[in-house]
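The values are calculated or read from the model by the stated rules, or taken from the named source; none is laboratory data. Because the structure is a prediction, the values reported are computed rather than measured. Here the Cβ positions follow ideal geometry from the backbone for every residue, glycine too, while neighbour counts run over all protein chains shown.
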Amino acid sequence: MAMTDEHDALAAPASVDVLEGDAGDFFALLKPRVMSLVVFTALVGLLMAPGEIHPVLGFIAILSIAVGAGASGALNMWYDADIDILMGRTAKRPIPAGRISADTTLAFGMFLSVFSVATLGLLVNWLSAGLLAFTIFFYAVVYTMWLKRSTPQNIVIGGAAGAFPPIIGWACVTNSISIESIVLFAIIFLWTPAHFWALALFKSEDYGRAGIPMLPNVAGERTTKHQIVLYAVLTAICGVVPTIMGFAGTMYGVFAAILGAVFIWYAVQVWRMPDGDAKMVPAKKMFAYSLVYLFCIFTALMVGALVTKFTGIAV
Amino acid sequence: MNQPDLTDKQKKARRSRNVALGIALAVLAVMFYVVTIIKIGPGIFDRAM
């Protein structure tokens with residue numbers, strides 16, 4: 001396995017003995033923007049699940065999932081410090097900027113991983129804790145150490161790590177995995193490639209400089225655009241499955257269909273973009289809309305589930 | 001053991017880390033106390049003196 005072949009720890013900045021990183025830098029190691037998506041989708045899974053959980057335990061469950069996600073982000077930054085320094089988007093992160101040492105980041109990430117999993121297991125249930133542990137392992141080891149530097153399918157398979165939170169949130173309440181939570185997983189899993197490849201198109205120079213085999217760098221822009229349209233269509237279809245399966249109402253279904261149609265429209269605009277386009281405006285718009293899409297889909301699912309829970313009316 | 005002389009920036013960063021760690025520990029203590037009450041139930045207060 002080419003897990004460590006291309007990882008060059010010596011290329012990372014030398015360790016700093018005396019830390020200049022403040023609390024904000026440690027918080028940045030947790031990738032707060034990714035963490036916010038994890039918190040939100042896990043919360044939706046937790047609220048949609050049939051059954052009850054004490055609000056305080058629900059809060060602790062979400063907090064543990066957030067900290068676990070942050071821990072995997074810190075482990076990712078520890079391992080990727082050598083390539084983060086080469087990309088404009090990541091060069092200012094605490095390790096490449098020299099504010100926190102790689103060793104400190106590794107210890108920080110490992111401690112938070114163990115602590116978040118143990119807390120979730122002891123205070124909520126061990127199925128959700130096991131799923132959180134697997135998610136951290138999948139993101140930090142399978143995606144970061146293995147897939148990211150070895151295959152252009154890195155974010156397709158690695159996207160599973162970002163898709164697990166609603167399953168974990170659901171398991172916190174039911175202590176089980178169900179087909180409904182797997183559908184929530186599938187929406188994020190299918191959404192991830194279209195979202196990331198839109199970014200990879202207009203950041204391909206960055207990824208190329210760092211030697212990461214993203215699809216536009218390996219297979220070219222045309223193939224990437226075909227794949228973006230394919231995954232946008234699959235995401236849009238999966239978005240209405242909750243209504244087809246009966247765990248979301250008709251209003252949600254119509255809303256999801258409209259959002260999905262717009263998602264496909266943006267993907268087609270990317271597909272129509274000439275190869276070699278310098279500004280990549282459609283790709284940037286697609287990337288921005290993909291965030292809006294996921295947020296709106298999960299908000300609609302959450303609102304629908306809460307309305308059904310409190311009124312008995314499926315919307 | 002000789003402590004290295006810290007710059008003002010390093011001292012400020014250390015203070016920031018210490019405050020964050022203190023808050024995190026306080027939150028954890030409260031959190032585990034509250035969860036203990038929830039898990040055991042309000043009967044914990046009904047013990048004979």
Restricting to the range A:93-108, give me the number of residues that are buried (at least 19 other Cβ atoms within 10 Å of the Cβ), within 21 Å of the chain's Cα centre (by Cα) and in a helix (DSSP H, G or I). 2
Would you point out which residue out of A:ILE212, A:ILE167 is among the aliphatic types (A, V, I, L, M) and outside any helix (DSSP H, G or I)? A:ILE212
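Out of A:VAL233, A:VAL218, A:VAL240, report the one residue that is modelled with pLDDT of 95 or more and either surrounded by fewer than 19 Cβ atoms within 10 Å (Cβ to Cβ) or touching a strand residue (DSSP E or B) at 6+ places or on another chain (Cβ under 9 Å) (or both). Can you show your working first?
Numbers: A:VAL218 fails: modelled with pLDDT of 95 or more; A:VAL240 fails: either surrounded by fewer than 19 Cβ atoms within 10 Å (Cβ to Cβ) or touching a strand residue (DSSP E or B) at 6+ places or on another chain (Cβ under 9 Å) (or both).
The conditions single out A:VAL233.
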With the structure loaded, tell me whether A:MET77 is in contact with a Ser or Thr (Cβ under 7 Å, 6 or more places away or on another chain), more than 14 Å from chain B (Cβ to nearest Cβ) and buried (at least 21 other Cβ atoms within 10 Å of the Cβ) or whether it fails that test. yes
Can you pull out the residues in the range A:258-281 that are of a type outside the set (Lys, Arg), farther than 13 Å from A:ALA194 by Cβ and loosely packed, with under 15 Cβ neighbours inside 10 Å? A:ILE258, A:ALA261, A:PRO274, A:ASP275, A:GLY276, A:ASP277, A:ALA278, A:VAL281
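Residues are listed down the side, and each one gets a yes or a no for (1) surrounded by 10 or more Cβ atoms within 10 Å (Cβ to Cβ); (2) touching an Asp or Glu at 6+ places or on another chain (Cβ under 6 Å); (3) at pLDDT below 80; (4) assigned to a loop (DSSP other than H, G, I, E, B):
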residue	(1), (2), (3), (4)
B:ASN2	no, no, yes, yes
B:GLN10	yes, yes, no, no
B:ARG15	yes, no, no, no
B:LEU21	yes, no, no, no
B:LEU28	yes, no, no, no
B:PHE32	yes, no, no, no
B:GLY43	no, no, yes, no
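Taking the stated definitions as given, is A:PHE287 farther than 21 Å from A:VAL183 by Cα and within 23 Å of the chain's Cα centre (by Cα)? Write out each step before concluding.
Values: farther than 21 Å from A:VAL183 by Cα: yes; within 23 Å of the chain's Cα centre (by Cα): yes.
Criteria met by A:PHE287.
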